[in-house]
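*Asks:* Below is one structure. I have some questions about it.
The values are calculated or read from the model by the stated rules, or taken from the named source; none is laboratory data. The structure presented is a predicted model; accordingly, all values stated were derived computationally and were not measured. Note that each Cβ is placed from the backbone with ideal geometry, even for glycine, and that neighbours are counted across all protein chains shown.
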Amino acid sequence: MPRRPPYPASLGTRKGIEKHINELLELDVIRKIGHNEIVEITTPVLITWHDGKSRLCGDLRALNNYTKADRKLTDSEARYGATQTECLY
């Protein structure tokens, strides 16, 4: 699958994303990949609040192309699941 170009981002957003990514690299949460590795990469999204705090998230909309829809439950499965849920409360 060919890589898509990144979404446009302002200079401030790019700096914020780089800051978060560098922190995650230092903590060994993520790693850099080679240009020839085949991976699905999510687009980073930086959410910033008015108090200056920010959170780095992933845009997983492209994942919907590969995700299978949940199958519909049969009537007996739906009834059985409903009785099991009622027993928990």
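*Asks:* Which numbered condition in (1) more than 18 Å from the chain's Cα centre (by Cα); (2) modelled with pLDDT of 75 or more; (3) surrounded by 10 or more Cβ atoms within 10 Å (Cβ to Cβ) is the only one that Leu73 fails?
*Replies:* (2)
*Asks:* Is there any pair linking a residue in the range 1-24 that is surrounded by 10 or more Cβ atoms within 10 Å (Cβ to Cβ) to one that is in a loop (DSSP other than H, G, I, E, B) and at pLDDT 75 or above, with Cβ under 8 Å and at least six apart or on different chains, and which?
*Replies:* Short answer, once both residue conditions are applied: Ile17/Ala9; Ile21/Ile30; Leu24/Ile30.
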